[in-house]
């Protein structure tokens, strides 16, 4: 429903996303650089995206010593 | 080390999955590594149950999130055998843990290592070749908009929030990069994969890396 509150909110998020793409792509001059644009997450706010998909806890690991224990 | 190495070339990497609206990346990456190492050791490549890890790894929070190292620790301590995906299928929501008898077939974790390879990504390449695909934590905030290519900017180290599976690397071109399987479906990125520049632990790819042993 294009007149719904939900539609308007998603439309705003989408507009924000388009602005973000411009900034992200401004670093993408080299031929193999990452490209940023419209995908399945483009009508999500950044907060929604984080809350839905970025749910791994940080885990500190010891630095790799490169030394074998044997010998 | 070979200049290019990709476990997919050896047919030991399962197809890209889609975690859907569930914060289960941590379970997908751990199960992905176990599936691959199981195949590297000579078994048929089979999909193992992500839902089993999601429901049963009690120190984690299912679809509300979790830690790869906690999941690996749980698998190691309990010696739980992961059953086939077809026997305990993915629902994209947390459920009640289903138990299987000890005689039921499955794949158990013997051990795992976890290291920070910051500043030592060559050693990480060695571990990938030696041990199989690696579980890694990354900062994926900018991945919301990623379409393809090699990520070199807009990613922090030390602020991880997402878990992925590193399946290979390529140092033959101008920009060496990691080949990383994500769990957001094949319509995202490079058919479900993301490429990350090697060096400086871009996106924190080398900050917390686990290898599994079966």
Quick check: anything in the range A:11-18 at pLDDT below 90 and more than 17 Å from the chain's Cα centre (by Cα)? no
(1) within 7 Å of chain A (Cβ to nearest Cβ); (2) crowded, with 18+ Cβ neighbours inside 10 Å all hold for residue B:147 apart from (2)
Filtered residues of the range B:154-182 (kept if over 25 Å from residue B:65 (Cα atoms) and free of Cβ contacts under 8 Å to residues at least 24 places away in the same chain): B:173, B:174, B:176
What do you reckon, is residue B:209 at pLDDT 95 or above, at the interface with chain A (Cβ under 9 Å from one of its Cβ atoms) and under 27 Å from residue B:78 (Cβ atoms)? yes
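Filter the range A:26-35 for residues that are closer than 29 Å to residue B:30 by Cα and either part of a loop (DSSP other than H, G, I, E, B) or in contact with a strand residue (DSSP E or B) (Cβ under 6 Å, 6 or more places away or on another chain) (or both) and give the result.
Passing the criteria: A:34, A:35.
Would you call residue B:52 part of a helix (DSSP H, G or I), free of Cβ contacts under 8 Å to residues at least 60 places away in the same chain and more than 14 Å from chain A (Cβ to nearest Cβ)? If you could, list the steps in order and put the result at the bottom.
On the way: part of a helix (DSSP H, G or I): yes; free of Cβ contacts under 8 Å to residues at least 60 places away in the same chain: yes; more than 14 Å from chain A (Cβ to nearest Cβ): yes.
Yes: the conditions hold for residue B:52.
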Count of the range B:158-213 residues which are surrounded by fewer than 17 Cβ atoms within 10 Å (Cβ to Cβ) and over 19 Å from residue B:9 (Cα atoms): 8
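Matching residues to (1) under 20 Å from residue B:18 (Cα atoms); (2) within 7 Å of chain B (Cβ to nearest Cβ); (3) not in a loop (DSSP other than H, G, I, E, B):
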| residue | (1), (2), (3) |
| --- | --- |
| A:6 | no, no, yes |
| A:17 | no, yes, yes |
| A:24 | no, yes, yes |
| A:49 | yes, yes, yes |
| A:58 | no, yes, no |
Within the range B:6-20, identify whether any single residue is surrounded by fewer than 20 Cβ atoms within 10 Å (Cβ to Cβ), within 26 Å of residue B:159 (Cα to Cα) and either touching a helix residue (DSSP H, G or I) at 6+ places or on another chain (Cβ under 6 Å) or touching a residue at least 24 places away in the same chain (Cβ under 8 Å) (or both), and answer yes or no. yes
Tell me, yes or no, whether the range B:180-187 has at least one residue that is touching a helix residue (DSSP H, G or I) at 6+ places or on another chain (Cβ under 8 Å), closer than 29 Å to residue A:52 by Cβ and not in a loop (DSSP other than H, G, I, E, B). yes
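The values are calculated or read from the model by the stated rules, or taken from the named source; none is laboratory data. These numbers were taken from a predicted model, which means no experiment stands behind them. Cβ sites come from the backbone with ideal geometry, for glycine too, and all protein chains shown count toward neighbours.
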